[in-house]
Amino acid sequence: MGNASSMLTQYDIEEVQEHCHYLFSQQEIVALYNRFCQLDRSAKGFISSDEFLSIPEFSLNPLSQRLLKMVDGLNFKVFVAFLSAFSPLATVPQKIELIFKVYDVDGKGRVTFKDLMEVLGDLTGSFMSEEQREIVLSQVLKEAGYSRDSPLLLEDFMKVLCKPGVTMEVEVPVD
């Protein structure tokens, strides 16, 4: 499984399935492996950020540069684990955990107001001024019981986003 040109064994498939909490069927894992091999053009056994950008769903994403920091040098097992958050079977907390990692700009396990501003800026571009972003974020944090001075841990992030009626339309087709 380390070498992209090797064949995937039943054991490998089951191991990957367990690693991704059974969010993909065995057939989907084989399809993902074939896609992984296509992306790993030089058969190194891992995908570089440049190779990852050849996936249209990611290259068109306004957060692609942040996602790339998370995915550079992925082997197949980690590739599937990363994509598992995009599975239709993934729970809202699993999807929120990935989103938290995207927002955690410095990787310290907390999301600051500055981090939120940066990501919102990536998402909105010139459609919202910095002042408008500040107002919106301050209001959202206030409604959730936080201030712009209090960094959010993963648990806080879950509390803010796991509200009834919040849906996470974060999915990538497998085939």
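Of the residues 33, 11, only one is surrounded by fewer than 17 Cβ atoms within 10 Å (Cβ to Cβ) and not hydrophobic (A, V, I, L, M, F, W, C); which?
11
I'd like to check something: does region 79-94 contain any residue that is hydroxyl-bearing (Ser, Thr, Tyr), touching a residue at least 60 places away in the same chain (Cβ under 8 Å), part of a loop (DSSP other than H, G, I, E, B) and under 30 Å from residue 120 (Cβ atoms)?
Yes, because at least one residue in region 79-94 is hydroxyl-bearing (Ser, Thr, Tyr), touching a residue at least 60 places away in the same chain (Cβ under 8 Å), part of a loop (DSSP other than H, G, I, E, B) and under 30 Å from residue 120 (Cβ atoms).
Given (1) assigned to a loop (DSSP other than H, G, I, E, B); (2) under 15 Å from the mean Cα position of the chain (by Cα); (3) assigned by TED's automatic domain parsing to the domain that holds residue 23, where does residue 57 come up short, assuming only one miss?
(1)
Collect the residues in region 14-30 that are surrounded by fewer than 18 Cβ atoms within 10 Å (Cβ to Cβ) and either without any contact (Cβ under 8 Å) to a residue 12 or more places away in the chain or part of a loop (DSSP other than H, G, I, E, B) (or both), keeping them in residue-number order.
18, 21, 22, 25, 27 - these are the residues of region 14-30 that are surrounded by fewer than 18 Cβ atoms within 10 Å (Cβ to Cβ) and either without any contact (Cβ under 8 Å) to a residue 12 or more places away in the chain or part of a loop (DSSP other than H, G, I, E, B) (or both).
Just one of 77, 95, 44, 69 is in contact with a Cys (Cβ under 9 Å, 6 or more places away or on another chain) and of a type in the set (Lys, Arg); which is it?
Answer to the selection: 77.
The values are calculated or read from the model by the stated rules, or taken from the named source; none is laboratory data. No experiment lies behind these values; they were computed from the predicted model shown. Neighbour counts run over all protein chains shown; Cβ positions are idealised from the backbone, glycine included.
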